[in-house]
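Everything below concerns the one structure shown next.
Every read-out reported here was derived from the displayed coordinates using simple, explicitly stated rules and does not represent laboratory data. Because the structure is a prediction, the values reported are computed rather than measured. Here Cβ is always computed from backbone atoms with ideal geometry, including for glycine, and neighbour counts include all displayed protein chains.
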Amino acid sequence: MLVYGQPRMLSMLALGFSSGLPFMLIYSTLSAWLRQSGIERATIGMFSWVSLVYTLKFLWAPVVDRLRLPGIGRLLGQRRSWMLLAQAGIAIALMALSASDPKTQVGHMALLALLLAFAAATQDVAIDAWRIESAPLREQGAMAAAYQLGYRLAILVGQAGALWIAEDLGFEVGIFSGSIGSMAVLGAPDLVVMTLTEFAAQANRVCRAGNLCLLVDADHGYGNALNVRRTVEELEVAGAAGLTIEDTLLPQAYGQAKTQLISLEEGVGKMKAAVDARDDPRLVIMGRTGAVSISGLDDAIARARAYEASGVDALFFTGVKTRSELEAIAAATKLPIVLGGAPEDMTDRDYLANQRVRIALQGHAPFAAATLAVYETLKTLRDGQSPKNLKGLASSELTGRVTRDAEMRMRGAEFLGLKK
């Protein structure tokens, strides 16, 4: 492990991070910016072709490999001089892009994106050559690992960064589910083995990351009605804007393979306890039930009406599969509705709004994407592939926004006398 403390390993880590940043800017962040500016999708699609420059870098790689740059090539060496030139090109392209207006300078931005891709791909070639030449054969594996760690570091931001990203993209509310919490804290599936203390601590970290309202999945309240009171108190202090309490029998009972529900009376008791426990009247308490797919629509409506009467602020339903089920629920209740997923024919926003649906969850796609990225990265390394073939990292601009770099630099200048 001592090999990773060598200066060239740390340099390789930084270079790997630098190498991956521009690709995600071209592939994702720039597209999001164009969409927000009202640019047509066809035009945005054309920008994705810029990323093909990475695939074609073999065409000029021999030039980078053999041509010594005049002046700085003699001073810095062939590899370092090409890296410096490429990084200068990246910096110029990024600054010019940031100063452009998508509504009036789309063509100009396309040329800058092409320059950015060319400079970034050139940097990849130079870094890979430097890696091979700067360390003996026995250290090449460690160099590749350091490079890949830097290359994929932005993906490992975690839920706190995800909340900041969601806020930056204009989302109005985020959700922290029990399943994601269990995976993040314990590396375990959603089997209700995480404690309230662990969940509340993680929720607090997420809330500290930004100003986006966070809805938390408080499961069954971690026990009976008295435990529900404690759960609400802890999550309110953690910074949650809203929480759900469900009527599922948790943890799973011995010998019972199917999901079960607690009695209606116990469910009502939990909802009343949750409402009674909150100190801030702005904290949203949602009564949650999965009865539609467990005990039927009639029981789901009966439970929803009872929870509505207990004083909760909204009703959360899982297992709703048809429009007729949703319409029956909407007709029988008065509170705002939250859906924990819906089939494709129920994703029309106008239709959902007419049924008083205010939030419709869309699964755990961001977490699934991050999981796949980490898995494929590690598998590629384990299979002996070159790190230079791995793409898809956040740009320096996006990483800076997610980590609040500008804000921290401003505070460093104000409180520590550091230069901005």
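Quick notes on this structure:
- Ranked list, fewest to most other Cβ atoms within 10 Å of each Cβ, for Glu414, Glu198, Glu344: Glu344, Glu414, Glu198
- P(r) for region 159-366, from all Cα pairs and a bin width of 10 Å, is 9, 36, 39, 17, 0 %, short bins first.
- Flagged links, alpha-carbon separation over 30 Å, of Lys272/Lys321; Lys258/Lys321; Lys57/Lys419: Lys57/Lys419
- Over region 159-366, Cα pairs under 8 Å with separation of 6+ residues give a relative contact order of 14 percent.
- Exposure proxy ranking, count of Cβ atoms within 10 Å, fewest first, for Trp82, Trp60, Trp130: Trp60, Trp130, Trp82
- Val284 long-range amide H proximity, modeled H, under 5 Å: Gly242, Leu243
- Distance from region 201-266 to region 78-154 (C-alpha centre basis), Å: 45
- Each of Thr289, Thr377 was scored by other Cβ atoms within 10 Å of its Cβ. Listed from fewest to most, they are Thr377, Thr289.
- 3J(HN,Hα) along region 93-102: 5, 5, 5, 5, 4, 5, 8, 8, 10, x Hz, from the Karplus curve 6.51 cos²θ - 1.76 cosθ + 1.60 with θ = phi - 60°, whole Hz, x for Gly and Pro.
- Hz values of 3J(HN,Hα) by residue in region 113-129 - Karplus curve (6.51, -1.76, 1.60), Gly and Pro given as x: 5, 5, 4, 4, 5, 5, 5, 5, 5, 5, 4, 4, 4, 5, 5, 5, 5
- Amide hydrogen neighbours beyond the local backbone of Phe176, cut-off 5 Å, H modeled: Leu215, Val216, Asp217
- Sequentially through region 61-67, phi angles give Karplus couplings (6.51, -1.76, 1.60; θ = phi - 60°) of 4, x, 5, 4, 6, 10, 8 Hz, Gly and Pro residues having no value and appearing as x.
- Region 242-304 shape via C-alpha gyration tensor axes, a/c threshold 1.5: prolate
- Built amide H within the under 5 Å cut-off of Phe316, gap 5+: Gly287, Arg288, Thr289, Val338
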